[in-house]
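This report concerns only the one structure given below.
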Amino acid sequence: MLPLLYNKIDRDEMNAHLRAKGFAPVYTASAKSRIVLVGQAPGRIAQETRKPWNDASGRLLRKWLGVTDEQFYNPDLFSIMPMDFYYPGKGAHGDLPPRKEFAKTWHPKLSALMPDVRLTILVGAYAQKYYLGMRAKRNLTETVKYFNNYLPEYFPIVHPSPLNFGWRKRNSWFEKEVIPVLQALVQKAM
């Protein structure tokens, strides 16, 4: 079964150059989704396999959420809606940023079709800046540390990339204090 609005997103002219490369939109969404997970954009592996969070980052993310693969990939439970549904390519220091116009165009349309959403998890700075706007703190660390300020609607977290190991080591409070609250809210929302 295709996610909500798949054909319209796939055929949108803004995605023509990506379609020409053989890329397909990588996301999940159902009218019954309870949790929306907003990240940056699919990585290279996710784009190739057409399965979001299909890498080491995804394994750690599922651990943080306290869910099984089956739960995570069930669109009636989780809508996986990155800021862009296409791999942006490689930059000098990791993947390129998502296109700004993509989320502005498609997120409101998808959100309107998911009336049962109980929690939106914002993974990383791009998602947090877009959804929290001026409510975000001066940096990602402070935004994540003060996650309670955004509940019950949003829950900001750091990206689970292996490249963020140093951040997690310097901010041990994250896994000790934030993850248990996240897991409890995810279980409640499901």
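The values are calculated or read from the model by the stated rules, or taken from the named source; none is laboratory data. Every value quoted in this text rests on a predicted model; they were computed, and no experiment measured them. Don't worry about glycine lacking a Cβ; one is built from the backbone with ideal geometry, like all the others, and counts go over all protein chains shown. SASA here: full protein model, heavy atoms, side chains in, ligands and nucleic acids out. Shrake-Rupley method; radii C 1.70, N 1.55, O 1.52, S 1.80 Å.
Of all residues in segment 13-34, none satisfies being in contact (Cβ under 8 Å) with a residue 60 or more places away in the chain, open to solvent by 10 Å² or more (accessible area, probe 1.4 Å) and among the acidic types (Asp, Glu). Of the residues making up segment 48-60, not a single one is open to solvent by 10 Å² or more (accessible area, probe 1.4 Å), farther than 25 Å from Arg168 by Cβ, in contact with a Ser or Thr (Cβ under 8 Å, 6 or more places away or on another chain) and in contact (Cβ under 8 Å) with a residue 12 or more places away in the chain.
Only one entry in Ala31, Ala103, Ala46 is over 26 Å from Pro180 (Cα atoms), part of a loop (DSSP other than H, G, I, E, B) and among the aliphatic types (A, V, I, L, M), namely Ala31.
Could you count how many residues in segment 110-132 are in a helix (DSSP H, G or I), of a type outside the set (A, V, I, L, M) and in contact with a helix residue (DSSP H, G or I) (Cβ under 8 Å, 6 or more places away or on another chain)?
Quick first cut of segment 110-132, residues in a helix (DSSP H, G or I) only: 110-112, 125-132.
Still in the running and of a type outside the set (A, V, I, L, M): 111, 126, 128-131.
Next cut, in contact with a helix residue (DSSP H, G or I) (Cβ under 8 Å, 6 or more places away or on another chain) only: 128, 130.
Of the residues in that region, 2 qualify.
A Cβ distance below 7 Å, combined with a sequence gap of six or more or placement on separate chains, defines the contacts here; from segment 99-121, residues that are among the acidic types (Asp, Glu) reach residues that are outside any strand (DSSP E or B) and open to solvent by 50 Å² or more (accessible area, probe 1.4 Å) in the pairs Asp116/Lys32; Asp116/Arg34.
I'd like the full set of residues that are among the aromatic types (Phe, Trp, Tyr) and farther than 19 Å from Leu37 by Cβ, limited to segment 147-185.
The first filter runs over segment 147-185 and keeps only residues among the aromatic types (Phe, Trp, Tyr), leaving 147, 150, 154-155, 165, 167, 173-174.
Matches in segment 147-185: Phe165, Trp167, Trp173.
Taking segment 124-136 as the range and being open to solvent by 80 Å² or more (accessible area, probe 1.4 Å) and not aromatic (Phe, Trp, Tyr) as the test, the residues that pass are Lys129, Met134, Arg135. When you look at Leu110, is it in contact with a Lys or Arg (Cβ under 9 Å, 6 or more places away or on another chain), modelled with pLDDT of 95 or more and open to solvent by less than 10 Å² (accessible area, probe 1.4 Å), yes or no? It is false that Leu110 is in contact with a Lys or Arg (Cβ under 9 Å, 6 or more places away or on another chain), modelled with pLDDT of 95 or more and open to solvent by less than 10 Å² (accessible area, probe 1.4 Å). The set of residues in segment 69-113 being out of contact with any Ser or Thr (no Cβ under 8 Å at 6 or more places or on another chain) and among the hydroxyl-bearing types (Ser, Thr, Tyr) consists of Tyr86, Tyr87, Thr105, Ser111.
Looking across segment 58-91, the residues that are in contact with a strand residue (DSSP E or B) (Cβ under 9 Å, 6 or more places away or on another chain) and either among the aromatic types (Phe, Trp, Tyr) or in a helix (DSSP H, G or I) (or both) come down to Leu61, Trp64, Leu65, Gln71, Phe72, Tyr73, Phe78, Tyr87. Residues of segment 137-153 that are open to solvent by 30 Å² or more (accessible area, probe 1.4 Å) and within 19 Å of Ala189 (Cβ to Cβ): Asn148, Asn149, Leu151, Pro152, Glu153. For residues in segment 156-181 being free of Cβ contacts under 8 Å to residues at least 40 places away in the same chain, assigned to a helix (DSSP H, G or I) and open to solvent by less than 20 Å² (accessible area, probe 1.4 Å), which is nearest to Thr120 (Cα to Cα)? Per the stated criteria, the residue is Val178.
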